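Quick notes on the structure that follows.
The values are calculated or read from the model by the stated rules, or taken from the named source; none is laboratory data. Because the structure is predicted, anything quoted here is derived from the model rather than measured. Quick reminder, even Gly has a Cβ in these numbers, built from the backbone with ideal geometry, and neighbours come from all protein chains shown. Heads up: the accessible areas ignore ligands, DNA and RNA and are worked out on the full protein's heavy atoms, side chains in. Shrake-Rupley method; radii C 1.70, N 1.55, O 1.52, S 1.80 Å.
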Amino acid sequence: MQGLAVGLPALALPGPGWVRVAAAQVAAETAFEPDTDPTEGRTISFEDPFLRIDHATWNAGPKAGTAEPGFYGRSAFARFGGEAGFNPYAIVEDPDCENGRALQLSAGYIGRKMDVPSYYGNDDPEYQWISGNLQTARSDGTVLKSWRHGYFETRMRFPAHPLTWPAFWFLNNRAILEPDSSIEIDVVEHKGFEPHIYGAYLHEWVPPGDHHEGAGVPTGPDMTQGYNRYGVLLVDDLCVVYFNRRVIRDMASGEPVIWRIGRAAEMAEKGDGFWPLLTLALRADYAYPDPLLPEHHVAHMRIDYFRVYS
């Protein structure tokens, strides 16, 4: 979800033979069983059920980093309290959630000149939107929560909208102050007009050693009509993405999608980890709606919980 990633299509994976070989190697080296529930044999080591927004865990606003202002797409990510009179952060009652409440991240159309610091779209009517981004890190390099290994999961419901771009994703700790070390794991990136498919990606930015993987994930269920679980397993250099606790599979071969983190050894040497982001952005690589219908002036993404299983 970095600025450079705007408009990236689902990346082509190597052929089915490579997938089978990689899966066999992973199984031999880590006893990884792709058809096993990723929570099996693990316990919850951290959980936020979003009964409130814990400011000791979450930071709001532009993506934490020093290489750029932290905005991408067609909306400005608001700090706590909101921007331009619009607050995209709320805890709402929701009977479909395990504890009866959800974290709601919203996107709202302001439609007038804004004054969001360092935002490139303040004067452009197509970019005069405010939306939400929560993360467990700050641009001064402070990381409030991060992990290196485990299974990470959110249960979310996405909006139906011509521009929305919700995501659950991770960046590595060192990427904030050392952008050349950046590793990005996009557990889910969703386009609001595609209710039955999403994208998952691994990006190791900046050469040498840059490395990119991606997969389209057909879901069956309509992601805008109900909650689904989105997860990723990180063990050593292994990165495996799950939908509703089932490993995602190559659409051509049906084989499990297995990715390797090329900078895993460097992460271990530097004591690096990953911190999560929950984001409702707006895409900038699609034609702006003409007209923008009144029902599309506000959109909502809901999160039931964030969990770490160790």
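Cα axis of helix 16-30 to longest principal axis of the chain: angle in degrees, 0 to 90, nearest 10?
The answer is roughly 70 degrees.
Tell me, what ³J(HN,Hα) does each residue in the stretch 95-105 have, in order and in whole Hz, if you take phi through Karplus 6.51 cos²θ - 1.76 cosθ + 1.60 with θ = phi - 60° and put x for Gly and Pro?
Taking θ as phi minus 60°, the curve returns x, 7, 9, 4, 10, x, 9, 9, 7, 10, 9 Hz for the stretch 95-105.
Between GLU40, GLU178, GLU204, which gets the highest mean-square fluctuation from a Gaussian network model of the chain, Cα cutoff 10 Å?
Of GLU40, GLU178, GLU204, the most mobile in the Gaussian network model is GLU40.
To the nearest 0.05, how large is the calculated FRET efficiency for LYS113 and HIS297 if R₀ is 25 Å and r is the Cβ-Cβ distance?
Working: r = 17 Å, r/R0 = 0.68.
With a Förster radius of 25 Å, E is 0.90.
So with the 1.4 Å probe, I'd like the accessible area per residue for the chain, rounded to whole Å².
About 40 Å² of surface per residue is accessible.
Looking at the chain as a GNM with Cα springs under 10 Å, which of SER139, SER75, SER45 has the largest mean-square fluctuation?
SER45
I'd like the Karplus ³J(HN,Hα) series for the stretch 267-279: coefficients 6.51, -1.76, 1.60, θ = phi - 60°, whole numbers in Hz, and an x wherever there's a Gly or Pro.
The phi angles translate into 4, 5, 5, 8, x, 7, x, 10, 10, x, 10, 10, 9 Hz.
Hey, got a sec? Which chymotrypsin sites (Phe, Trp or Tyr not before Pro) in the stretch 154-262 land in a DSSP loop and have at most 14 other Cβ atoms within 10 Å? List each step's numbers first, then the result.
Details: sites: PHE168, TRP169, PHE170, PHE193, TYR198, TYR201, TRP205, TYR227, TYR230, TYR242, PHE243, TRP259; in loops: PHE193, TRP205, TYR227.
Qualifying residues, ordered by number: PHE193.
In a Gaussian network model over the chain where Cα atoms closer than 10 Å are linked, find which of GLY132, GLY254, GLY216 has the largest mean-square fluctuation.
In this elastic network of the chain, the residue with the biggest mean-square fluctuation among GLY132, GLY254, GLY216 is GLY254.
Rounded to the nearest 20 debye, what is the charge dipole size of the stretch 176-310 about its Cα centre when +1 sits on each Lys and Arg Cβ and -1 on each Asp and Glu Cβ?
Working: 11 positive and 21 negative charges, 128 e Å.
My answer is approximately 620 debye.
Specify whether the C-alpha gyration tensor of the stretch 29-71 places it in the rounded, prolate or oblate class, a ≥ b ≥ c being the square roots of the eigenvalues: rounded for a/c under 1.5, otherwise prolate if a/b is larger than b/c and oblate if not.
Working: a/c = 3.82, a/b = 1.67, b/c = 2.28.
Oblate, since a/c reaches 1.5 and b/c is not below a/b.
In sequence order, what are the phi-derived ³J(HN,Hα) couplings for the stretch 173-178 according to the Karplus relation 6.51 cos²θ - 1.76 cosθ + 1.60 with θ = phi - 60°, rounded to whole Hz, with x for glycine and proline?
4, 5, 4, 5, 9, 10
Quick one: if you stick a label point 7 Å off each Cα along the C-beta vector at GLU126 and GLU98, how many nm between them?
Result: 4.1 nm between the two label points.
May I have the pair-distance distribution P(r) for the chain, computed from all Cα-Cα distances with 10 Å bins from 0 and rounded to whole percent?
Taking all Cα pairs of the chain, the binned fractions are 6, 28, 37, 22, 6, 0 percent.
Would you tally the net charge around ASN172, using a Cβ to Cβ cut-off of less than 11 Å, leaving ASN172 out, and scoring K and R as +1, D and E as -1? Before the final figure, lay out the partial values.
Values: positive: ARG148, ARG174, ARG263, LYS270; negative: GLU178, GLU184, GLU204, GLU266, ASP272.
Computed value for this residue: -1.
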